[in-house]
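Trainee: Provided herewith is a single structure, encoded as structure tokens, for subsequent inquiry.
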Amino acid sequence: MAESFEVSLSGEEKTYVPDPSYKKNAWTKDYTAAYKEFMADPEGFWEKQAHHFEWIRKWDRVLEWNYPYAKWFVNAKLNITANCLDRHVNNHRRNKVALIWRGEDGEERIFTYKKLFQEVCRFAQGLKKLGVTKGDRVCIYMPLVPEQVIAMLACARIGAVHSVVFGGFGVQALNMRIKDAEAKIVITADVTYRRGKTIPLKTIVEEAIINAPSVEKVVVLSREVEQPVELHTEMEVDYHELMEGVPSTCEPEVMDAEDPLFILYTSGSTGAPKGIVHTCGGYMVGTGYTTQHVFDIKDNDVYWCTADTGWITGHSYVVYGPLAIGATVVMAEAVPDYPDAGAFWKIVEELGVTIFYTAPTAIRMFMKVGEQWPNKYDLSSLRILGSVGEPLNPEAFEWYYRVIGKMACPIVDTWWQTETGMHMITTMVGEPMRPGFAGRPIPGVVADVVDKQGKPVAPGNGGFLVIKKPWPAMLRTVYKNDERYRTYWNTIPDCYTAGDLAVKAKGDEYIMIIGRADDIIIVAGHNIGTAEVESALVSHQAVAEAAVIGKPEPMKGNIIKAFVILRVGFSPSEKLKSDLIYHVRMTLGPIAMPSEIEFVDKLPKTRSGKIMRRVLKAKEMGIDPGDVSTLEE
């Protein structure tokens, strides 16, 4: 793409300024002063944040930076669960509610910090019984239930590295993630519940481990009481039976700050998903700091992040960040429009949610069904709203601010990634908000919009979003593929390249995220790799070649459109379209299904054979495809 490009920004962008009390009472009271303090002494800034946590041994140095490799809190020792659990159990938060879980049918379960601590320790002891030790990988493929959080924390307790896989993925996607991580144990449930339907998970796991020789045992959480699932005892272990007869304490494993905490797979633009590796010390400091300062969480807040724990948002802002600072967290195995479009607002009213963090795709769905649904409920408990997963378009911002926040709640539109581990850009609570603009780099982060040479582009011009300095929660490598890690730092000189296009506003330099610069499609807040969907299509006997693009759609942000070349002997038909969509569903899961399929005779390619998806997208949207000089004749 071009070095930079002009972006048409209206000269009449709106600005909303929260009530002064927000700024006065915020953890970060003065963004400009806090950012200056950080820039004057970056390591001193992060050291100050690290002192808010408990360490078994303090660090020798805050940062060791050998481009592109960082070590944070060098030689420090800790266990993240001691910060998420033990320190609260040993102070005034012992009987504070840590977790409130709601099921689709209204079932409610509550865990105080003391109860959560005991459950985590018991499951950690259970994992030890299965032979899990420090450094072993454990795959967690579960619904959004408390046991999923307990399993994550239990792994971290004993130094095992968890790899959580979103419960909406299919057999092939799960198998690939199990095999790449060489998981020793898989933790799952018999079923998940969605829109009143019972969806089996264990049967997917049974297929996914057929060619995964590293798996020794499968732990199964049984939820179906009336029709209990049969366990194959030579391989499968009941979740609750595993915890029988074990103590409700478990000494936390001493971890180095740079020991791996988890692997989380994210979509790659060139084939297999990437296993992003996050470590113990820096990730704890980064997520704990941002949870407190970006959401401005106080001890009496009730905080609800609607994300599934299978994504980075769930890791950082359902589990580790909030629990590290002693927050009360709401979890709901729920969708926003079942049993009706008031489902989320009913939970907000009944639980007195004060901070609500959701995705633009959900906000757009709320807009579509109308204001009458939120207006049926008392949302006066809300004081801060958040957005995550994709850019929050101005129309959705305006609706969210007016209808849900009643023109009174600050909105923190957060930009960050699986790779960054923590929030990087937002509008801090109390600062002026601009619809369509995420905001500015948070204190602790150096971000910019640059051209391909790394030179800053002028405000009003689009360019590549980059991070110019290391930060504590950054990824340390891509599992088994360090070369792929280095490309993040080598694409643009001396910068971490995020893969997003952005533009800075004139004047205050607020940053607007325009979209992806690579072959990732964001569908309803989920990152889907084009290569994964294409390979799923090509695995069907009728398909010779395929290319997929993201096509803008008002509700989901994008839908997936596939262009398919058929093998000789197969003809286009509506039946074949349905078969291909079903094939992708069974291969990758429903989130990766194409919404549209077009059968074509050829695909636009470079002379070297690379499919030019941007040409397909330009044609689809009726715009100029730009430079096509490398297109084969």
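The values are calculated or read from the model by the stated rules, or taken from the named source; none is laboratory data. Note that the structure is a prediction, hence the values are computed from the model and not measured. Methodologically, a virtual Cβ is constructed for each residue, glycine included, from the backbone with ideal geometry; neighbour enumeration extends over all protein chains shown. Protein only, heavy atoms only, side chains kept; ligands, DNA and RNA dropped before computing areas. Shrake-Rupley method; radii C 1.70, N 1.55, O 1.52, S 1.80 Å.
Trainee: Only one residue in Val120, Val132, Val138, Val74 is open to solvent by less than 80 Å² (accessible area, probe 1.4 Å), touching a His at 6+ places or on another chain (Cβ under 7 Å), touching a residue at least 40 places away in the same chain (Cβ under 8 Å) and not acidic (Asp, Glu), so which one is that?
Mentor: Selected residue: Val138, the only one of Val120, Val132, Val138, Val74 that is open to solvent by less than 80 Å² (accessible area, probe 1.4 Å), touching a His at 6+ places or on another chain (Cβ under 7 Å), touching a residue at least 40 places away in the same chain (Cβ under 8 Å) and not acidic (Asp, Glu).
Trainee: Tell me, which residue of segment 545-572 that is at pLDDT 90 or above and among the β-branched types (Val, Ile, Thr) is surrounded by the most Cβ atoms within 10 Å (Cβ to Cβ)?
Mentor: Result: Val548.
Trainee: Among the residues of segment 155-168, count how many are buried (at least 24 other Cβ atoms within 10 Å of the Cβ), under 15 Å from Ala82 (Cβ atoms) and in contact with a strand residue (DSSP E or B) (Cβ under 9 Å, 6 or more places away or on another chain).
Mentor: 2
Trainee: Taking segment 507-547 as the region of interest, how many residues are touching a Phe, Trp or Tyr at 6+ places or on another chain (Cβ under 6 Å), in a strand (DSSP E or B) and either closer than 17 Å to Pro273 by Cβ or without any contact (Cβ under 8 Å) to a residue 60 or more places away in the chain (or both)?
Mentor: Within segment 507-547, residues that are touching a Phe, Trp or Tyr at 6+ places or on another chain (Cβ under 6 Å), in a strand (DSSP E or B) and either closer than 17 Å to Pro273 by Cβ or without any contact (Cβ under 8 Å) to a residue 60 or more places away in the chain (or both) number 0.
Trainee: Let me ask something else. Within segment 192-215, restricting attention to residues that are of a type in the set (Lys, Arg) and touching a residue at least 24 places away in the same chain (Cβ under 8 Å), which residue is surrounded by the most Cβ atoms within 10 Å (Cβ to Cβ)?
Mentor: Out of the qualifying residues, it is Lys202.
Trainee: If you take the residues in segment 473-494 that are outside any helix (DSSP H, G or I) and in contact with an Asp or Glu (Cβ under 8 Å, 6 or more places away or on another chain), which one is surrounded by the fewest Cβ atoms within 10 Å (Cβ to Cβ)?
Mentor: Among them, the one singled out is Lys480.
Trainee: Could you please give the count of residues in segment 216-249 that are open to solvent by less than 80 Å² (accessible area, probe 1.4 Å), without any contact (Cβ under 8 Å) to a residue 60 or more places away in the chain and among the aliphatic types (A, V, I, L, M)?
Mentor: 5
Results for (1) touching a Phe, Trp or Tyr at 6+ places or on another chain (Cβ under 9 Å); (2) surrounded by 23 or more Cβ atoms within 10 Å (Cβ to Cβ); (3) at pLDDT below 95; (4) not in a strand (DSSP E or B), shown as yes or no for each residue.
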residue	(1), (2), (3), (4)
Pro374	yes, no, no, yes
Gly386	yes, yes, no, no
Trp399	yes, no, yes, yes
Lys406	no, no, no, yes
Val412	yes, yes, no, no
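Trainee: Among (1) surrounded by fewer than 19 Cβ atoms within 10 Å (Cβ to Cβ); (2) more than 24 Å from Gly436 (Cβ to Cβ); (3) out of contact with any strand residue (DSSP E or B) (no Cβ under 7 Å at 6 or more places or on another chain), there is one condition Gly507 misses while meeting the rest; what is its number?
Mentor: Here Gly507 meets the rest and fails (2).
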